[in-house]
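Asks: Below you'll find the structure I mean.
What follows draws every value from the coordinates through simple rules; no lab data is involved. Please read all numbers here as calculations on a predicted model, not as lab measurements. For neighbour counting, all protein chains shown are included, and Cβ atoms are generated from backbone atoms with ideal geometry for every residue, glycine included.
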Amino acid sequence: MPSQRPRAAFEPIPPDVDLYALVESTETFEFAVRIHCDAIDEQGLENFEKLVLLHVILGGKPLVIEGYETRLENRIFSERWLRDNYSAKTEIAWNLTTKSNLPLSIGHYLNNMPLLANQWNSLNYKDTSRQRIYLKDIDCPDVWHENLKKLLPPSLFFLNDSTGIAEDVGAALEPNPYGQSVRIGKGIAKAGDLMSNLPSEMRAENLMCYIGHEGTYTPCHREMCASLGHNIMVEASNGLLEHGRSTKPGSSIWFMTESKDRHLVSEYWASVLGHDIEIEDHFAQINAWKAAPFKTYVIEQKVGDFILIPPLAAHQVWNRGTRTMKIAWNRVTAETLEMALDEALPRARMTLTLQSPAAKVNQSMILTMSKREIAEKSAEQINGGKGMAPVTSAGLPTLCGSLLLARHAI
């Protein structure tokens, strides 16, 4: 067991690290693939959804969609807006130095971010006594939620209720809201969030904000229950004066693996680093990543960079500069449900994480679906909705139908 072996220690990333030189000099490091958001408009949503399916979900590799900084409403996605509208709201920050919760107001945290960030330099960045305060897992402001929903591809957004086409393959009869009869609903969607088909009380509300300064981080982990991760940086300090104080440009460094290397990653984490990858408690040293026997994708996330995180892909994040603000959420697809059934939930039982909302929801989904049904759904998505026999109600619970047919009663 990892606890019986020497455990690798935490080692911070220096503020002056040259990320490009690091990737260039390390054979197993590679920058993640990037596309511009304009390319989605040019090539169409259908082609983009195929790319996400083949490259991220099935291919298991990260994808960065850049260019959203020109589309984000700067007046709303700003430190000033957050200060004006949420300054008095108290949140529970995470003190990474003491591993403890720290209640504080958003205004107090924003006021002190320059002080927290400027304390670090190339000589003292390993100091274990200095504060690292991370405002993580806080509720996303409704205004940000609504603006982001209009900005991003609909099939990727939080709790989207699928992109099925009316009367398409797999469509079922549903109550007609405009009369007493029934109508043919939408077909099986090629993309979406199956979580949206659950009753509201069963959904995992995981649209969260993360505000951090130089030296704050998220330990290496995998998304809960093999779900698909999404993370967009909506604001960061730019190095200019703010409220009469100097700032440093904000960005985040990501280290990420491929889905296919998940077993190798688990073994390396346990046998070499002495930690359990299923427990989010260790931020791996750069040297540990360099020595790893698998490929590591590196990302420097800046404002407007939207990262898609493959299911079961281990990743960790390091914040740089005075301030970074990110919004993140998870999405459940037919493919990720199959992975959850085969791998994620059995491992979760071993690490006692089944009481989390995400785990409970995925269990509810999975208990109503056999592996054969999930495989059929996956094949339908890959084949573009062709060649799959209609789904019938025989032997399928109601919830299974709602999941497979996206809001349609069977």
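Asks: What full-extension length gain, to one decimal in nm, is calculated for Asn111 and Lys89 as 0.36 nm per residue of separation minus the Cα-Cα distance?
Replies: 6.6 nm
Asks: Between Arg75 and Leu45, what is the label-point separation in nm under the 7 Å Cα-to-beta-carbon projection?
Replies: 2.7
Asks: Residues of segment 209-230 with the amide nitrogen closer than 17 Å to a label point 7 Å from the Cα of Glu280, along Cα-to-Cβ, please.
Replies: 209-213, 216-230
Asks: Run the numbers for Asp127 and His263: contour at 0.36 nm per residue of separation, minus the present Cα-Cα distance, in nm.
Replies: 45.6 nm
Asks: How many angstrom lie between the Cα centre of segment 248-311 and the Cα centre of segment 44-73?
Replies: Measuring centre to centre over Cα atoms gives 20 Å.
Asks: Send over the per residue convex hull volume for segment 56-102, Cα only, as a whole number of Å³.
Replies: Spread over its residues, the Cα hull of segment 56-102 gives 171 Å³ apiece.
Asks: Within segment 297-337, list the residues whose amide N lies under 20 Å from a label point set 7 Å along Cα→Cβ of Leu241.
Replies: Inside the label zone: 322-323.
Asks: Of the listed peptides 63-69, 289-295, what is their order by residue-averaged count of other C-beta atoms within 10 Å, with the highest listed first?
Replies: My ranking of the peptides, most packed first, is 63-69, 289-295.
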